[in-house]
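The values are calculated or read from the model by the stated rules, or taken from the named source; none is laboratory data. Just so we're clear, the structure is a prediction, and the values are computed from it rather than from any experiment. A quick note on method: Cβ atoms are made from the backbone with ideal geometry, for glycine too, and the neighbour counts reach across all protein chains shown.
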Amino acid sequence: MKKYSIVPIIAIMMVSACKLDFGDPGQDKRVGDFGMLRFNGGGGCNDSTSLALGSTARLELEPAHEQPLPADLVPRSSAPQVIGAAQGSTETEVILTAHQVGITELEILAGGGLYDRLSFTAEPAVSADYAASESAYVGGGIIVEINELYGACGEDCPLIGGDFIQWSSKPESAFTVEIYDDRVALLVANQVGSARIIGREPTAGKVLVDHTVDVFPPDVSSELKSKFTVMLPDETLLDPSDMPASLPVGSLMWLELEAVNSDQRKISLAGRDVIWTVVGPAGVVEPWSETADAQPLQGPIYLARAPGQVSLVAHVPMLDELVSFEITVTE
């Protein structure tokens, strides 16, 4: 199980973190039959065209070559009882929903005619690769990220899609699901002790996630440490680390925080458990507009907007602690 992954909600960071080598464009499984479109996204770091049964996959249509896309793209499923297709929030977003095992042709219409198409299948998920915290404070959040889903033939059968796992815990009262979106779940720890988070596939009840978390009372003597992910303007993604002393204008900063207890146990803090503020000249660092209305569950993303020096201050109410990180933005 991976200990860290880039969460799928941050699409621009995913582009840098997950680059697939398709070799000959003619071998790209996500290019349509007519070679006009590439059907991107859906969840996971793979080029699969198979959806997990019961899941929803959000695809982004992009030109397979350099030609501009028509302005009137409309999706249609040849077998909507198997996999339904609907237009998303933009003309280039397609939302697929897998209702039953089978296959469908996802057809993209333009100008009333067929512009491109691609076959998609649906099958039950059998296993998953996931990441989750091993420790938490009572009352705090635990984030479970589904990195990959697999069908019956294991890693040779990656699946796309999300929003279908049924969550529970043992003991039953140990955790409450607060948010479940796509492939990321946020659960809140209700009681001190060791407990398990269970995630099941809904049609056959196969266990995809079985993760033990040790829950502790808040330790007010703990030390707060940063875990920041930075993407530079050229889309170079730096490894998660402490906040660098400086970074150039145009960089993105994904802010996460963890507590180190007096016994040196590390406890990741969910975004809901930390209040971030910027202290210093206005306009140097601002919340990134792409996620300002829906921050990643792990923590907020800020944009280095103008040269200057500011402090990023984190307040953790459950620990009654504050910590400040100095950052200089350069030209």
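Structure notes:
- Of all residues making up the stretch 145-181, the number that are of a type in the set (D, E, K, R) and over 25 Å from D214 (Cα atoms): 3
- Total residues in the stretch 302-320 satisfying the condition of being touching a residue at least 60 places away in the same chain (Cβ under 8 Å), in contact with a Leu (Cβ under 6 Å, 6 or more places away or on another chain) and farther than 10 Å from W276 by Cα: the figure is 0.
- Checked against (1) in a strand (DSSP E or B); (2) farther than 23 Å from V126 by Cβ; (3) touching a Phe, Trp or Tyr at 6+ places or on another chain (Cβ under 6 Å), P218 passes all but a single condition, namely (1).
- Filter result for D239 (without any contact (Cβ under 8 Å) to a residue 24 or more places away in the chain, more than 25 Å from the chain's Cα centre (by Cα), assigned to a loop (DSSP other than H, G, I, E, B) and not assigned by TED's automatic domain parsing to the domain that holds V188): no
- In the set (1) modelled with pLDDT of 95 or more; (2) of a type outside the set (F, W, Y); (3) outside any strand (DSSP E or B), L96 fails one condition alone, (3).
- Looking across G161, G154, G139, one residue alone is on the phi > 0 side of the Ramachandran plot, crowded, with 21+ Cβ neighbours inside 10 Å and of a type outside the set (K, R). It is G161.
- For the stretch 59-91, a residue qualifies if it is in a strand (DSSP E or B) and of a type outside the set (A, V, I, L, M, F, W, C), and the qualifying residues are E60, E62, P63, P75, R76, S77, G84, Q87.
- D210 within 22 Å of the chain's Cα centre (by Cα), in contact (Cβ under 8 Å) with a residue 12 or more places away in the chain and at positive phi: no
- Pair list, Cβ under 6 Å, 6 or more apart: the stretch 102-120 residue under 15 Å from T49 (Cα atoms), other residue surrounded by 15 or more Cβ atoms within 10 Å (Cβ to Cβ) and among the basic types (K, R): E105/R117; E107/R76; E107/R117
- Picking from residues in the stretch 178-200 that are farther than 17 Å from I146 by Cβ and touching a residue at least 40 places away in the same chain (Cβ under 8 Å), the one that is surrounded by the most Cβ atoms within 10 Å (Cβ to Cβ) is A189.
- Scanning the stretch 242-272 for residues that are acidic (D, E), part of a loop (DSSP other than H, G, I, E, B) and in contact (Cβ under 8 Å) with a residue 12 or more places away in the chain yields D242, E256.
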